[in-house]
Amino acid sequence: MKFMKLGSKPDSFQTDWNKVRYVATELAADIVIHVGDVKFYLHKFPLLSKSARLQKLVSSSDEGNSDGIYIHDIPGSSSAFEICAKFCYGMTVTLNAYNVVAARCAAEYLEMHETIEKGNLIYKVDVFLNSSIFRSWKDSIIVLQTTTSLLPLSEELKLIKHCIDAIASKASVHVSKVDWSYTYNRKKLPEENGNDQGWNGVRSRMVPNDWWVEDLCELEIEFYKQVIITIKTKGIISNEVIGEALKAYAYRKLPGSSKGVVKYNDFSKLCPILDTILYLLPAEKGSVSCSFLLKLLKAAISLNSGEVVKEEVVKRIGQQLEEASVNDLLIRACEGEPTMYDVQIVQKILEEFMMQDRNAKTEIGNENEIQEIRSPGILSEASKLMVAKLIDGYLGEIAKDPSLPLSVFIGIAEMVSSFSRPAHDGLYGAIDVYLKVHPGISKGERKRICLLFDCKKLSADACMHAVQNERLPLRVVVQVLFFEQVRAAASSGSSTPDLPKAIKDLNCASYRSSRSATTNADEDWDAVASAAELRALRGEVAALRVGNGVVHERNYGDNKCYSDKAAISKIKGLNMSKKIFSKIWSSKSGLATENSGSDSSESLGSANLDEAKSTPTRRGRHSVS
């Protein structure tokens, strides 16, 4: 820390009962100055020779025969006045970052200018500030903090402005020129840990780009705001580093914000901090992580911030939603809400994400052609895929809430139904959790939620789990097995299995329209599969899972799937499947006899394999692509 000593005489100020200050000298005091609740017994000559204000006050007191001079509004109170008085006596005074502003303001109040005496206190303090304090990184920060109690004079003297400019200039210096001390307790660089592979025995300490971040966390929010704005105005520091600075400040000043839950404290102090951080966020996408933005959103909800504030954060999150994690999206609902999590805010975030695609296209027409220009923020297929997987995981978590309405679950799932993804295992897993936690939903609701996933996009493990899942409607179980058969046939190079016409109709859009009088049979298919039917289907999956004569045990969800170790050929398994399909169909709907003519003898094996793969499962089926 920088310091400056003024005067050469020994300090002879003494204290009597802590409220009286006097100078130990043979000369009797001829003036009493009351500063606050402290009495100073001093001498007129040294004081009046350097202070124009004291000259006026003494003159006024002499005319009124007052018992002393009263000064109640001097900046810095009695301690600052004592510094000025010692300077007048020529006693040794030490100025440093903690008292220099108080001394400067007090000297201004006492009018200790050069016009009164050359080399007066104001001049000497200004020299110290400009030559030492404002050139020191940490001293500038300390001085800025001390100006708060000395407002408004510290601002009128432009001390605050000088401090902010000095701090911002230091922070904007290239890291190669940083040769002063700073606080940095976060992740250490590889070379600081001795793990730098390029180290050749001569260590040159590298300064991180965000070296200044932690020291600025000591500032109050208003000063911090001014410093960051000044740094941004210089245009040297990257938006990513500014984002890191705001993140560090939020974690320091908002208790619990690093975990997304602001602890209940003095909301009147915390709300301005949050609002300022949101105001200072760089506009560029990616300047701060999506995880940090979601923590700010949780803090805004905890502090009951205004809707405008929350909408702005939601918009920022939506622009980079693909970076989020499932845990980030789990925002607890406010007290009194029926659901465990705030799903409405997530729906708004998802809407903002999808809005980018709608606003990304602009058509420009001229006489010859129409061009389509895509803005840089247009959603890529990779972003859509990441968000789709993110929402699948999110659905799996909120499905554990017994109070979550089915309409909300389906609504969120359908928002990403247009996002293509190769596998629906995550979505199927979320649906399975919902069915397990909500066993009381009706057959119609069970059927509706199962329409969300596409049987053709389930992995082999997911198919194995689905066929043994007693919570799924029988129709879905049979569809899963059918497409597993198609996949097995394709992998073995054989044709699509020859199944009865009724089973083919189950997986065709024409099936519903061709059986207007079979409502009861349709309800049976939508009913939950019985244990006997699942055991029969389990045997079929076992045959399909045989590979190279070895069958492995696999896990999926909360069920363990075991396969028989019998070396059954895939073709034999497919033929057996046709018999069981026919048996199940006959016992469920009685349609096997009705279709036993030419329709039931139709073979899917004669159809093209690609056509069989692309056949829709049923008319009006809503599957997540």
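I'd like the FRET efficiency for Val20 and Ser407, computed as 1/(1 + (r/R0)^6) with the beta carbon distance as r and R0 of 56 Å, rounded to 0.05.
0.10
Stretch Ser8-Val308 to full length: gain in nm at 0.36 nm per residue minus the Cα-Cα span?
Working it through step by step, the gained length comes to 101.9 nm.
Can you find, among Val143, Asn120, Tyr109, the residue sitting farthest towards the positive end of the charge dipole of segment 101-165, where Lys and Arg contribute +1 and Asp and Glu -1 at Cβ?
Farthest along the dipole direction, towards plus: Val143.
Evaluate the charge dipole of segment 403-476 about its Cα centre and quote only its size in Debye, nearest 20, assuming +1 on the Cβ of each Lys and Arg and -1 on the Cβ of each Asp and Glu.
Dipole size: approximately 220 debye.
List the residues, sorted by chain then number, that are 5 or more residues from Gln468 or on another chain and whose placed amide H is less than 5 Å from its amide H.
none
Given R₀ = 45 Å, FRET efficiency for Val326-His174 by Cβ-Cβ distance, to 0.05?
The pair Val326/His174 has a calculated efficiency of 0.65.
Tell me, in nm to one decimal, what length is gained between Ala423 and Gln344 on full extension, where the rule is 0.36 nm per residue of separation less the Cα-Cα distance?
25.8 nm
Amide H of Ile69 versus every other amide H placed in the peptide plane: which residues, excluding those fewer than 5 positions away on the same chain, fall under 5 Å?
Val32, Ile33, His34
Which translational diffusion coefficient, to the nearest whole µm²/s, is obtained for segment 405-485 from the Stokes-Einstein equation, given a Kirkwood hydrodynamic radius over C-alpha pairs, 20 °C and 1.002 mPa s?
167
Please give the residues of segment 11-29, grouped as numeric ranges, whose backbone N is less than 14 Å from a label point set 7 Å along the Cα-to-Cβ vector of Lys44.
28-29
Using the Karplus equation 6.51 cos²θ - 1.76 cosθ + 1.60 (θ = phi - 60°), what ³J(HN,Hα) coupling, rounded to whole Hz, does each residue of segment 472-483 give in order, writing x for Gly and Pro?
Values, residue by residue: 8, x, 4, 4, 5, 4, 5, 4, 4, 5, 4, 6 Hz.
How far apart, in nm, are two points set 7 Å out from the Cα along the Cα-to-Cβ line at Arg53 and at Asn209?
4.8
Give me a comma-separated list of calculated 3J(HN,Hα) values for segment 166-182, in order, Karplus coefficients 6.51, -1.76, 1.60 applied at θ = phi - 60°, integers in Hz, x for any Gly or Pro.
5, 5, 5, 5, 5, 5, 8, 5, 4, 4, 5, 9, 7, 10, 10, 7, 8
What is the calculated FRET efficiency for Arg448 to Glu335, with r their C-beta to C-beta distance and R₀ = 30 Å, to the nearest 0.05?
0.45
Fully extended, how many nm does the chain gain between Ala382 and Ser60 (0.36 nm per residue separation, minus their Cα-Cα distance)?
Gain in length upon complete extension: 107.8 nm.
Using packing as a proxy for protection, rank 439-452, 21-34, 392-405 so that the peptide with the highest average count of other Cβ atoms within 10 Å comes first.
Per-residue Cβ counts within 10 Å, averaged per peptide and sorted highest first, yield 392-405, 439-452, 21-34.
For Glu156, project a label point 7 Å along Cα to C-beta. Then give me every residue of segment 105-141 with its amide nitrogen under 16 Å of that point.
In segment 105-141, the label zone of Glu156 (backbone N under 16 Å from the point 7 Å along Cα→Cβ) covers 105-113.
In segment 1-113, carbon and sulfur make up what percent of the accessible area (probe 1.4 Å)?
The nonpolar share, carbon plus sulfur, comes to 52 percent.
Which of the GluC sites (Glu not before Pro) found in segment 76-143 are loop residues per DSSP with 11 or fewer other Cβ atoms within 10 Å of their Cβ?
Those that pass, being in a loop and sparsely packed, are Glu114.
Taking amide H positions as placed in the peptide plane 1.01 Å from N, state which residues far from Phe419 in sequence (5 or more) or on other chains have amide H under 5 Å from it.
Close amide H contacts, sequence-distant or interchain: Ser625.
The values are calculated or read from the model by the stated rules, or taken from the named source; none is laboratory data. Just so it is clear, the structure is predicted and the values come from calculations on it, not from any experiment. All Cβ positions, glycine included, derive from the backbone under ideal geometry; neighbour counts span all protein chains shown. Remember, those area values only see protein heavy atoms, side chains included, never the ligands or the DNA or RNA. Shrake-Rupley method; radii C 1.70, N 1.55, O 1.52, S 1.80 Å.
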